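The structure under discussion appears below in the form of structure tokens.
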């Protein structure tokens, strides 16, 4: 008698009994016909659960806290990123101001990637750098990530009211503190791989310095000139760091930020006449007073002329404005602090560059307040030296 030919089941969804006997299963429910006829127990394998693409996130109100970073899965937290974080920050800095990275931090990062990045871009040509390249750098450099979150929180504060506004401001200051800490620590072991992160954070911190007084309001009894001097001092603290990395930045992905946009129409360059007038006035003052700091002013005016020229050729106004702060001699900073009339005249010409940034939420009315403050400190003769400034900005200073 010929042996019975075995049947290899073609379906993986038959009952366990039929699959074990290697016979075809009709897959009837709750038991197949084969098992029913043989009076056998019919069971089907339960389908495996399908893993979620994203894990469920519980509300912070129902979950006390996330697991500590040391226990985090390596598939979620990059060990290299975590190690760098631990090297640069104090143990307490491993947590954001309200604990671990949480829903609020995700909100701030979303704010950056959807809105805040545009406010630091001159146009669509470089928007992709601030939206994509900078966040990518932040994933490798925690101090930059804190800077991004700090500015995003301040941006949200600018459009919020009441307790929500105050909460964003507190969060912003806490992240800014961590960003400053990380930047100061990495300065001692600066590597080529840090260039982009340090450069972008330095710019973000300068924007922050302008934005904070604009959001929280000027300190009582302090003038716009005093607030600007404070911005200058805090900005110049990183001048040595930037001097060492600027060449590296110009060779990498951030190169477009340092270039002029030739596609933009060239602005009428009336600033050259203004710079010539300042140079001539500086020479006249030197002839009248042997103690006049002619060389200091010559250097300051020369850099200002280069800055205005770059702006007229479509350069990144924000970066140009910050570069001049780095370039001015320390002696000029002292003359500015002493409110020397010619130092204020030169500063008024610089304010024209700030005026071009007035539509950004973080700059606002800085230029108007500065021009008014400078105008009030100059007598009628000195005011004649800022005629071009008033024409370029459209501001009016009441007669003395």
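Does residue 358 meet the test of being surrounded by fewer than 20 Cβ atoms within 10 Å (Cβ to Cβ), at pLDDT 95 or above and not in a helix (DSSP H, G or I)? The answer is no for residue 358. Sort through 133, 126, 198 and tell me the only one that's assigned to a helix (DSSP H, G or I), out of contact with any strand residue (DSSP E or B) (no Cβ under 8 Å at 6 or more places or on another chain), touching a residue at least 40 places away in the same chain (Cβ under 8 Å) and closer than 20 Å to residue 357 by Cβ. Of the residues listed, the single one that is assigned to a helix (DSSP H, G or I), out of contact with any strand residue (DSSP E or B) (no Cβ under 8 Å at 6 or more places or on another chain), touching a residue at least 40 places away in the same chain (Cβ under 8 Å) and closer than 20 Å to residue 357 by Cβ is 126. In a residue-by-residue description of region 331-340, the property of being crowded, with 19+ Cβ neighbours inside 10 Å, under 23 Å from the mean Cα position of the chain (by Cα) and closer than 23 Å to residue 384 by Cα applies to no position. Of all residues in region 259-268, none satisfies being surrounded by 18 or more Cβ atoms within 10 Å (Cβ to Cβ) and either at pLDDT 75 or above or not in a loop (DSSP other than H, G, I, E, B) (or both). Residues of region 320-355 that are in contact with a helix residue (DSSP H, G or I) (Cβ under 7 Å, 6 or more places away or on another chain) and outside any helix (DSSP H, G or I): 328, 329, 339.
Would region 362-371 turn up any residue that is surrounded by fewer than 17 Cβ atoms within 10 Å (Cβ to Cβ) and within 25 Å of the chain's Cα centre (by Cα)? Within region 362-371, one or more residues are surrounded by fewer than 17 Cβ atoms within 10 Å (Cβ to Cβ) and within 25 Å of the chain's Cα centre (by Cα).
Filter region 4-42 for residues that are within 60 Å of the chain's Cα centre (by Cα) and modelled with pLDDT under 80 and give the result. Lay out the reasoning, then the answer.
Start the filter on region 4-42 by keeping residues that are within 60 Å of the chain's Cα centre (by Cα), which leaves 10-16.
The answer is 10, 11, 12, 13.
Among the residues of region 342-355, not a single one is surrounded by fewer than 18 Cβ atoms within 10 Å (Cβ to Cβ) and under 32 Å from the mean Cα position of the chain (by Cα). Of the residues examined, residue 277 is not one that is assigned by TED's automatic domain parsing to the domain that holds residue 330, closer than 23 Å to residue 195 by Cβ, at pLDDT 90 or above and surrounded by 13 or more Cβ atoms within 10 Å (Cβ to Cβ). Just so you know, in region 271-319 the residues that are outside any helix (DSSP H, G or I) and under 22 Å from residue 393 (Cβ atoms) include one that is farthest from the chain's Cα centre (by Cα), and it is 313.
The values are calculated or read from the model by the stated rules, or taken from the named source; none is laboratory data. A quick note: this is a predicted structure, and the numbers were derived from the prediction, not measured. Here Cβ is always computed from backbone atoms with ideal geometry, including for glycine, and neighbour counts include all displayed protein chains.
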